[in-house]
Protein chains: 4
Amino acid sequence: MGKNRLEAFSDGVIAIIITIMVLELKVPHGASLAALVELTPVFLGYVLSFVYVGIYWNNHHHMLHASARVNGNVLWANLHLLFWLSLIPFTTTWVGENVMAPLPVALYGVVLSFAAVAYYILEKCLISCNPSDHILANAVGKEYKGAVSVVLYLLAIPLAYVHVYAAYALYIICAGVWFLPDRRIEAQMRS
Amino acid sequence: MGKNRLEAFSDGVIAIIITIMVLELKVPHGASLAALVELTPVFLGYVLSFVYVGIYWNNHHHMLHASARVNGNVLWANLHLLFWLSLIPFTTTWVGENVMAPLPVALYGVVLSFAAVAYYILEKCLISCNPSDHILANAVGKEYKGAVSVVLYLLAIPLAYVHVYAAYALYIICAGVWFLPDRRIEAQMRS
Amino acid sequence: MGKNRLEAFSDGVIAIIITIMVLELKVPHGASLAALVELTPVFLGYVLSFVYVGIYWNNHHHMLHASARVNGNVLWANLHLLFWLSLIPFTTTWVGENVMAPLPVALYGVVLSFAAVAYYILEKCLISCNPSDHILANAVGKEYKGAVSVVLYLLAIPLAYVHVYAAYALYIICAGVWFLPDRRIEAQMRS
Amino acid sequence: MGKNRLEAFSDGVIAIIITIMVLELKVPHGASLAALVELTPVFLGYVLSFVYVGIYWNNHHHMLHASARVNGNVLWANLHLLFWLSLIPFTTTWVGENVMAPLPVALYGVVLSFAAVAYYILEKCLISCNPSDHILANAVGKEYKGAVSVVLYLLAIPLAYVHVYAAYALYIICAGVWFLPDRRIEAQMRS
């Protein structure tokens, strides 16, 4: 079974997710600077979530590039990942409208945790579908970024109730951890 | 005539259908848990419809993968299927806002029935366009899932007026019947 | 210059156009049959416009399939066509909300006329870019459907002010004229 | 690393950006000509932004067509460009609703400036990723349109506070400068 259509469908869904978030940047009433400045938290939330969805797209691109085959389990594991990613626009808007409220900030982390777990499941499904693919298996076998970020998200969720800025800091650190595409896969492919 | 562009267009439309449903998860006013909990029926409706649209995408992927050619009839049969799928976000939202009302729950089944019939017509068009394609013809010739699910939908429609939860149960059972990609096509291709 | 990306981009834009129209099918307040029945004109408008956009996608698919090359003029002629198609959701919704009003019904025809002219320009650009392509040139050289439909749209625009149903009838007839993919191109390719 | 998926993802995002702008053409209340005429500034803003996004798509298409390879830096430079393009629907709507107000008109130029800079960064990343690619390097090495348009945008921003129509004129001139695909790359490829 070809992976092209899986990639094309995922590209479509991720392109829509990353773009519909901007629809929540509602045009202010009036043309004053004050009205524009009021949008700052929603705008910053959009930037953070754009980076997160961009990270997922980049890593998805790299992981599927390293895989030769896909099967029915991979299709569903991929849809499962897209489901959690599709909730990011919702949590982004809720956080943007309630910047200091713990529940939206915690929920943002809950959705990111589920997305990270879904990414991990997709990884496992791809490896079991490509058992003799050493590029993928070796590289992913040493995976630690996924684990680190799930731990950080799980830390951020209760932290949102203690100090909301600390939770934001963790989300920004996490984005940094994921920022670079997986150099190990690239390194494996070159060697 | 190549089938690539048919697949790409269908991927685009299905990607949009599956993603715009999440726009109906309106961000609650305020940041309370109660406001979030109120969204539960809309969220569950989103999950069910996401699974349904995912099932259609998976099966569409498998069926077209097994077909060598497409023609004008296939293009229109495919657009006909996409038309009915495009109504799923509407019925999903209506059900989500009126969880216990029989009419929305019945209409959800009506749209699913038409989508199932449209899928069946697409199947027949593909077979008549690929008459000597034994992988497709043998596999689809034994098709029973489509028939079973149409029967279940037609049962669910009146049932929504008797006991709304029974109709929901049928929709969930149906999703289960369709959940796995068509193993018979895969089996045929391997043998 | 490859035509694949032109096709992919057009597929994306047309997929979005055909799908965002369904967002205008606003979920009714309440779950009564009367509320659903009130949506009938908007729904019928959606069906007609879905068929029109589907026709453009099918014909676009056929015309580009018959063309070997594209150039800068073709890219812009294609964007010009997509521009007019992108206005169809707007005119569809306006007609759906003002079924008996002449201006929206006339504007629907104005946008269709511009789309038909844009399609004709794209056709000419493709022929001048592929001058020795006999499949495309012969087939398109006998083109009459475009001319007929522009005449019908130009007739429908004033007719909307005389008898609105006559204008609707013309739009439906036009859709019929365009309904089938261009058999002449297919015939040329077979011979 | 293949560039196909980068192109497909960019096509998806740009297709959505160009199409969601039309959602801001809100259907007028009532069916009068006056109500339609009131939409003129929003419509003209849509036309200008459609042309701008179309220009970016065309140039993006040409530049990537001339590049053999992409890497992780190119992926992020591309996402950075898509981020700024994704803000165009927002600034377009704000300008359309406040045609004579300096701040929205200036912000329109700010977003275009950042998009132009992002395009320049993407260009540099592609050249450093394809160091021995003479088609791309020679052509882009003589690039002046990007510089000219950034200067024009930076001029338009303060000008919006002096004379708003002068700023509009600059935006229209800029679109003209970018309108044609980069003939130099095409010329290089033919020679």
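The values are calculated or read from the model by the stated rules, or taken from the named source; none is laboratory data. Not measured: the values here are computed from a predicted model. Please note: Cβ atoms are built from the backbone with ideal geometry, for glycine as well, and neighbour counts cover all protein chains shown. Each accessible area value is taken on the protein alone, full model and side chains, heavy atoms only, with ligands, DNA and RNA left out. Shrake-Rupley method; radii C 1.70, N 1.55, O 1.52, S 1.80 Å.
Most fluctuating residue of C:M63, C:M21, C:M100 in a GNM of chain C with Cα springs under 10 Å: which is it?
Between C:M63, C:M21, C:M100, it is C:M100 that shows the largest mean-square fluctuation.
Just the accessible area for D:F9, please: 1.4 Å probe, Å², rounded to the nearest 10?
0
Considering only D:G72, D:G54, D:G45, give the residue with the highest GNM mean-square fluctuation for chain D, with springs between Cα atoms whenever their separation is below 10 Å.
D:G72
Within chain B, which complete DSSP H helices have Cα atoms spanning at least 20 Å along the helix axis and a mean Kyte-Doolittle hydropathy of 1.6 or higher?
Values: long enough: B:4-20 (24 Å, 1.18); B:40-65 (37 Å, 0.45); B:72-86 (21 Å, 0.97); B:102-129 (40 Å, 1.55); B:145-162 (25 Å, 1.81); B:164-179 (23 Å, 1.78).
Helices passing the filter in chain B: B:145-162, B:164-179.
Quick one: how many Å² of B:K26 are accessible to a 1.4 Å probe, rounded to 10?
Roughly 120 Å² of B:K26 is accessible to a 1.4 Å probe.
Below 8 Å between Cα atoms, with a sequence gap of 6+, how large is the relative contact order for the range B:1-126 in percent? If you can, show how the numbers build up before the last one.
Numbers: 109 pairs, mean separation 42.9, N = 126.
Answer for the range B:1-126 is 34 percent.
How would D:H80, C:H61 rank on accessible area, largest to smallest, probe 1.4 Å?
Largest accessible area first, the residues go D:H80, C:H61.
At 7 Å along the Cα-to-beta-carbon direction for both A:L33 and B:A34, put a label point, then send me their distance in nm to one decimal.
The answer from the label model is 4.1 nm.
How large is the helix-only mean residue ellipticity at 222 nm for chain D, computed as the sum of -39500 (n - 2.57) over DSSP H runs with n ≥ 4, divided by its residue count, in deg cm²/dmol to the nearest 500?
It comes out at -26000 deg cm²/dmol, rounded to the nearest 500.
If you count, for every residue in D:21-32, the Cβ atoms of partner chains within 10 Å of its Cβ, what is the mean?
The mean count of partner-chain Cβ atoms within 10 Å per residue comes to 6.
Which entries of B:K3/C:K3; A:K145/B:K26; D:K3/D:K124; B:K3/C:K124; D:K3/D:K145; A:K3/A:K124 show an alpha-carbon separation above 21 angstrom in the structure shown?
From B:K3/C:K3; A:K145/B:K26; D:K3/D:K124; B:K3/C:K124; D:K3/D:K145; A:K3/A:K124, over 21 Å: A:K145/B:K26; B:K3/C:K124; D:K3/D:K145.
Which residues of the range C:79-118 bury at least 40 Å² of accessible area once all protein chains are present, versus their chain alone (1.4 Å probe)?
C:L79, C:F83, C:S86, C:L87, C:F90, C:W94, C:L103
How big a patch of accessible area, both sides summed and in Å² to the nearest 100, lies buried between C and D at a 1.4 Å probe?
Summed over both sides, the interface buries about 2800 Å².
Under the classification rounded if a/c is under 1.5, otherwise prolate if a/b is larger than b/c and oblate if not, where does the protein assembly as shown fall, given a ≥ b ≥ c as square roots of the Cα gyration tensor eigenvalues?
Verdict is rounded for the protein assembly as shown.
Go ahead and collect, in residue order, the members of the range B:88-119 whose backbone nitrogen is under 16 Å from a label point 7 Å along the Cα-Cβ direction of B:H163.
B:102
For the range A:1-51, which GluC sites (Glu not before Pro) are both in a DSSP coil and crowded by at most 15 other Cβ atoms within 10 Å?
A:E38
Could you check how much of the accessible area of chain D is carbon and sulfur, as a whole percent, using a 1.4 Å probe?
70
Over chain C, with a Gaussian network built from C-alpha contacts below 10 Å, which listed residue (C:S32, C:S132, C:S86) shows the highest mean-square fluctuation?
C:S32
Which whole number in µm²/s is D for the range A:1-160 by Stokes-Einstein, with the Kirkwood Rh taken over Cα pairs at 20 °C and 1.002 mPa s?
126
So what is the accessible area of chain C per residue, in Å², with the probe set to 1.4 Å?
38
Could you work out the mean count of beta carbons from other protein chains within 10 Å of each residue's beta carbon in B:163-172?
For this peptide, the per-residue mean of nearby foreign Cβ atoms is 0.
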